[in-house]
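**Student:** Take this structure first; my questions come after.
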Amino acid sequence: MAKFLSVFAALAIIAGMILTQNQTDMRSGHKMTKDNDTGIYRIKRSESEWKKVLDPLQFEILRRSGTERAFSGTLYNNKKQGIYYSAATGQPLFASDSKFDSGCGWPSFFEPLTEGAILYRTDRSHGMIRTEIIDSSSGSHLGHVFDDGPPPTGLRYCMNSAAMVFVGIDEEPPSIVKEYMSKHASEEEKKAVSKFLESL
């Protein structure tokens, strides 16, 4: 029995190595997208608590790293001016002036509102090696980042609409955004939001 288990374990390791070698490497090579997820977040909830505060699609995407169908997201064609926040926490992620039409089927941005808003980690799922992006406040999945975006960064932050809350410049922020900005936002985030809104 022990011999069988040893042979089985060896075969499993070899199979894993072969599968890893055959994966298409689509990781971003940009210097700011290196793995930096420490697993320590300001906002923590149990998965049962997340289920209570998120709708089923949001939970699937934000907490289970799901992906909405291409061209199906409510924010894909959004061209209004405003700020995109994390649907998990209300953390500011992107300003509308960094959104562009990539044609990929998901909302795309070339840079976050603040550098610390997004964390990066390697994703080896679905036969690919990609750079996953998560919000730094809760570690919730947002999408992936690629090196085929426009200047000045050359990056494409490929986002799920359900992972975000959009607040237009003439709209009242929802409670999740207000709570984050009053209780959790860094000075950098507060300044970035104010600077963007004042520039319009």
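The values are calculated or read from the model by the stated rules, or taken from the named source; none is laboratory data. None of these values were measured; they are calculated from a predicted model. Reconstructed Cβ throughout: ideal geometry from the backbone, glycine too, with neighbour counts over all protein chains shown.
This table checks each residue for (1) aromatic (Phe, Trp, Tyr); (2) within 17 Å of the chain's Cα centre (by Cα); (3) at pLDDT below 95; (4) over 18 Å from Asn160 (Cα atoms).
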| position | (1), (2), (3), (4) |
| --- | --- |
| Ala15 | no, no, yes, yes |
| Leu19 | no, no, yes, yes |
| Thr33 | no, yes, yes, yes |
| Trp50 | yes, yes, no, no |
| Glu60 | no, yes, no, no |
| Gln81 | no, no, no, yes |
| Ser86 | no, yes, no, no |
| Gln91 | no, yes, no, no |
| Ala95 | no, yes, no, no |
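**Student:** Mind telling me which of the residues Asp123, Asp147, Asp135 ends up being in contact with a strand residue (DSSP E or B) (Cβ under 8 Å, 6 or more places away or on another chain) and at pLDDT below 95?
**Tutor:** Answer to the check: Asp123.
**Student:** Something else about it: Which of the residues spanning segment 22-75 are touching a residue at least 12 places away in the same chain (Cβ under 8 Å), among the hydrophobic types (A, V, I, L, M, F, W, C) and in a loop (DSSP other than H, G, I, E, B)?
**Tutor:** Met26, Ile43, Leu54, Ala70, Phe71, Leu75
**Student:** Let me spell it out: the conditions are (1) farther than 25 Å from Lys190 by Cα; (2) crowded, with 18+ Cβ neighbours inside 10 Å; (3) touching a strand residue (DSSP E or B) at 6+ places or on another chain (Cβ under 9 Å), and Arg64 meets all of them except one. Which number is the exception?
**Tutor:** (2)
**Student:** Here is a follow-up. Considering every residue within segment 100-113, establish whether at least one is farther than 17 Å from Thr67 by Cβ and among the polar types (S, T, N, Q).
**Tutor:** No, segment 100-113 contains no residue that is farther than 17 Å from Thr67 by Cβ and among the polar types (S, T, N, Q).
Listed here are the residues, each with its yes/no results for (1) under 15 Å from Asp135 (Cβ atoms); (2) surrounded by fewer than 13 Cβ atoms within 10 Å (Cβ to Cβ); (3) hydrophobic (A, V, I, L, M, F, W, C).
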residue	(1), (2), (3)
Met159	yes, no, yes
Met164	yes, no, yes
Ile169	no, yes, yes
Pro173	no, no, no
Ile176	yes, no, yes
Lys183	no, yes, no
Ser186	yes, no, no
Glu189	yes, no, no
Leu197	no, no, yes
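**Student:** Tell me the strands (runs of 3 or more DSSP E) entirely within segment 78-156 that contain at least 2 residues that are charged (D, E, K, R) and closer than 27 Å to Pro56 by Cβ.
**Tutor:** The qualifying strands (runs of 3 or more DSSP E) are 118-123, 128-135.
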